[in-house]
Each structure stands twice: as C-alpha cells, then as structure tokens.
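Quick notes on the structure that follows.
The values are calculated or read from the model by the stated rules, or taken from the named source; none is laboratory data. This one's a predicted model, so the numbers in the text were calculated from it and none came from an experiment. Quick reminder, even Gly has a Cβ in these numbers, built from the backbone with ideal geometry, and neighbours come from all protein chains shown. The accessibility values were calculated without ligands, DNA or RNA, using every heavy atom of the protein model including side chains. Shrake-Rupley method; radii C 1.70, N 1.55, O 1.52, S 1.80 Å.
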Amino acid sequence: MASRVVIPQQARGEAIVGGGDNKLQKKNGAADGRNRRALGDIGNLVPVRGLEAKPHRPITRSFHAQLIANAEAAKAAEKNKKQILVPDAVQAGKRVEAPKVNNQKIANVKPKPVEVIDLSSDDSEEVKKKQEKPLNKKKEAEVGGAVRKKAPTLTSVLTARSKAACGIANKPKVEIVDIDAADAGNELAAVEYIEDMYKFYKLVENESRPHDYIHSQPEINEQMRAILVDWLVEVHTKFELSPETFYLTINVIDRFLAVKTISRRELQLVGISAMLTASKYEEIWAPEVNDFVCLSDRAYTHEQILRMEKIILGKLEWTLTVPTPYVFLVRFIKASFPTDQKLEHLVYFLAELGMMHYATIMYCPSMIAASAVYAARCTLNMTPVWNETLKLHTGFAEPQLIDCAKHFVNLHSMAEKGKLRGIYRKYLTSERGSVAVLSPAKALLPPGHDATAASI
C-alpha cells in the first residue's frame, strides 16, 4: 500500500517568502487552496475576518495593520447595534478616538443609525432614566442618531381624528353638581347608599304601578275618582299628615281598584281604609278609626272600615313598601340646584294636581316627579330649564318630559276655574308660598289655549 505524501500546511495569513522552486510553490499553493475549499465546504475552516479578501495580494505590515483595524471597526459597529446605552465617554462629553496601530492610516467605518427596542423588563430604574433623558444635538450627532423622538402611534392619530370629526374635542366640559356634598356628615341622609337605593327604585317602580282599570269598573268613572282624591286632600290637611301618607294612599287606592271591582257606594269606604292603612305605615301617631267615622259623617261603621282594610291588604298581599312619586320628588327637587322654597312648593302643587286626575296614571312615578320639576322650572323661568345634573339623577332627557310636563301645565291653568279646588286652596296659603296663583308656563301651553275651558 502506497504511503501518502504529507505536505506541511502554510500558516494562515502568512505569505511565502524566500527562494525556492517556483513550480513547487505554485503546486503547494494550489493544493493548499484545494484543501481550504474542501474544508470550507464541510464547515471545518473558519476564515479570519479581514483576511479572506484578495488572498493573492502580498500581506505587508501596513496592509496587515489595516486589515486588523477594519476588523476591529466592524466588531465595534456590531457592538453599537446591540447596545442601547450611550458609552460613558460620550455621555460625559468626551471625544472617542479610534486606536492607532503603528501610526498607519486606518479605514474609518461609521455605523449606521439603528433604532433598537429593548423588550426586557429587568432594566434598573437608573437605566430607564438614562434612556428617557433627552440628549442635546451634539450628543445625538456623536451617537449617530440612535436616540430619536418618540413618534405618535397610529391609534392615537386615528382617535384624535375621530374626536375631531364628531366634535368631541371641542365640546366644553359640563359641570355636574354633587348634591350630596352638604349631607356628608348627616347619618340620616345615608349618602353611602343613596345612589344604590334610587337605582333599585327605578328598577321596581313598574312592579307596583297600577294598570289602566277604569274601564273594568262598571260603576266608577274618572270623575268619581277625582272627587274622592279631592276630599282626601282635605282630610290629609286636617289631620296634618305627612306627604308620604298622601301619595301612598293614592297608590293603594289605584292598585286595589285595578284588581277588585267595587260598587259606587263603597268607593269612599275604600278611600278611608286606604288612608288608615297608609297612616299606620308612615305616621308616628296615626288617626284612630273613630276619627274617620266622624269625617265620613258616620256613613260607615267602625267594623266596615276595618273589614275593608283587611280586604285591601289581602288583595295587595301586604305590599306597602313601594316607590311612590314622592320618593322621586324629594331626590329630584334636591338635584334642581339651586333650590328654594317657592320651587319646592310649586313642584308639589303640580304633582298633586296630576295625582288627582286619572290621566296621569299612564306615566311612571319617576317621570311624574321629573316632569313636575321640569314644569315648575319653566313656570319660574329658570335657566337652563334642564341641565346635566338633573339628567343624571332623573335619568330623563328634556324631550322625554315634554308631554307629561304639558299635561301638568294644562292642569295648572285650569285649577282656578275648576270645580274641585281642594289642592288649589291648599297651595293658595302663604305657608306654601301662594304658588297656586302663579301664571302657568306659557311656553308649554298649546297655542290658543283657553284657561276657562271645562275642567273636572
């Protein structure tokens, strides 16, 4: 078996110097080149950076130094790409000079400005401060423009354009008054729970709202109901009962008549028993049964009143905790900032006029209260008539209240000439600001309205 001739390999990066056979040198060089290519193909040869270009050129000292400088400059450029922080020498304002090798000319390689985004969350606060600290123009030029101003994102641009197109950007801020600020130290005001309470009232107000029942009562009509309510207003005033008792009485009467058919003779008995029940629920000292017997001119006996009271409670399933219009009136009057006594009396006057007329039953209690406030503000020429504070607490916008408010103003215009004047006389006194004599809101009255029109 023939032995293989081993030819010593030439050191990497060195040229062949000295005499010798030129043919032998060329032959060895060719073989060496073939070996390098073969090893390069299988990945065993790792070329030295800067020495692989132009192998045929003789490597002198100056050329060798230039290659080393180019390699170091390229390595520094890669290092600058990976680093976000500016070198300490640049941050301190010092000039950074490239290392000199044997006073030879060195190729100056400038790194391209690259914006690097670091997603790591382990940076210290000091590093973050350095990143956020703006650089002056001189330092930014030295770094090569690596630090740039943060450009606005596409989302922020689109949001700004959308707001500008909708007119939101130029919309002035609306001030909403905190109506509970004055009662922060009052434990009875229940400021912590008041918002949740009224949210609950709004949810359940339709559960205790009576439906249209007048056509299911063969012997009772709207006129008879209005006469009964007008008489109960006088009884309520004589006993000096609370407003809660009056509104609960009307609620009990309507809910009972919606589920029970009665005769005309029993209608006043239902009214007396309903007020007795409401007084026991709301008052500290409720009137006695004998007081109602006397007020009815002994038309009903003691036993008849108690029997009717038992029937009413049975039909209503003893449900007396209901949100009446008065519950919302108290809250909405407080939201009608600024509030004075005249506005408060006028709101109650309009609301009680509405309670006396059967047509008001089509509106829910919260709308009755909100419309009474709206009509009162129109009557007193308050500006603005409706604001964001009232809209927030009532839950109604101004267009939603126009129809009901016109109904109240129409009743106000006919109260003086009407046959049933119990409520009108009640609010004609100076104790209630004589609000009954105020001129109704003409802006809400239909054109050509006649205040002397027929009324109940």
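Tell me, in nm to one decimal, what length is gained between Val157 and Leu188 on full extension, where the rule is 0.36 nm per residue of separation less the Cα-Cα distance?
Working: separation 31, 0.36 × 31 = 11.16 nm, distance 5.01 nm.
Stretched out fully, the Val157 to Leu188 stretch lengthens by 6.1 nm.
Largest first, the extents of the alpha carbon coordinates of segment 214-316 on the three principal axes equal 37, 26, 25 Å. For segment 325-444, the dipole from Cβ point charges (+1 on Lys and Arg, -1 on Asp and Glu) about the Cα centre works out to 300 debye, to the nearest 20. Per residue, the average separation of C-alpha pairs within less than 8 Å and at least 6 apart gives segment 327-438 a relative contact order of 34 percent. Taking every alpha-carbon pair within segment 258-359, the share separated by more than 16 Å comes to 68 percent.
Each of Leu269, Leu232, Val322 was scored by the projection of its Cα onto the charge dipole of segment 217-323, and the greatest displacement toward the positive side belongs to Leu269; charges sit on the C-beta of Lys, Arg, Asp and Glu. The label-point distance for Glu222 and Ala299, in a model that sets each label 7 Å from Cα toward Cβ, rounds to 2.2 nm.
Considering only lysines 8 or more places apart in sequence, or on different chains, count the pairs in segment 214-316 whose C-alpha atoms sit under 21 Å apart. Display every interim value, and only then the final one.
Details: Lys238/Lys280; Lys260/Lys310; Lys260/Lys315; Lys280/Lys310; Lys280/Lys315.
So the count works out to 5.
In this structure, Val330 and Lys81 have a Cβ-Cβ separation that, at R0 = 56 Å, corresponds to a calculated FRET efficiency of about 0.20.
Can you classify segment 200-244 as rounded, prolate or oblate using the Cα gyration tensor, where a ≥ b ≥ c are the square roots of its eigenvalues, rounded means a/c under 1.5, and otherwise it's prolate if a/b beats b/c and oblate if not?
Numbers: a/c = 4.37, a/b = 1.06, b/c = 4.13.
Cα axes put segment 200-244 in the oblate bin.
Label positions at Thr319 and Arg265, each projected 7 Å from the Cα along the C-beta direction, are separated by 3.2 nm. In nm, give the distance between the simple-model label positions of Thr383 and Val177, each being 7 Å from the Cα along the Cα-to-Cβ direction. Using points 7 Å along Cα→Cβ, the separation is 1.7 nm.
A simple count of charges around Glu282, restricted to other residues whose Cβ falls under 14 Å of its Cβ and scoring Lys, Arg +1 and Asp, Glu -1, yields -2.
Quick check for you: with a 1.4 Å probe and neighbouring chains kept, what is the accessible area per residue of segment 348-422, in Å²?
I get 36 Å² per residue for segment 348-422.
How big is the accessible area of Ile284 in square angstrom, nearest 10, if you roll a 1.4 angstrom probe over the protein chains? About 150 Å², ignoring ligands and nucleic acids.
Calculate what fraction, in whole %, of the accessible area of segment 325-444 sits on carbon and sulfur atoms when a 1.4 Å probe is rolled over the protein chains.
On the way: 2560 of 4780 Å².
Carbon plus sulfur share of accessible area: 54 percent.
Ranked by the mean number of other Cβ atoms within 10 Å of their residues, highest first, the peptides 357-366, 296-305 fall in the order 357-366, 296-305.
For segment 214-316, which whole percent of the accessible surface, found with a 1.4 angstrom probe, sits on carbon and sulfur atoms? Intermediate values should be presented prior to the final figure.
Numbers: 2480 of 4980 Å².
Summing carbon and sulfur atoms, their accessible area is 50 percent of the total for segment 214-316.
Computed from point charges on the beta carbon alone (+1 for Lys and Arg, -1 for Asp and Glu), the dipole magnitude for segment 214-316 about its Cα centre is near 440 Debye. A Förster distance of 30 Å, applied to the separation of the beta-carbon atoms of Leu306 and Glu240, puts the FRET efficiency at 0.80.
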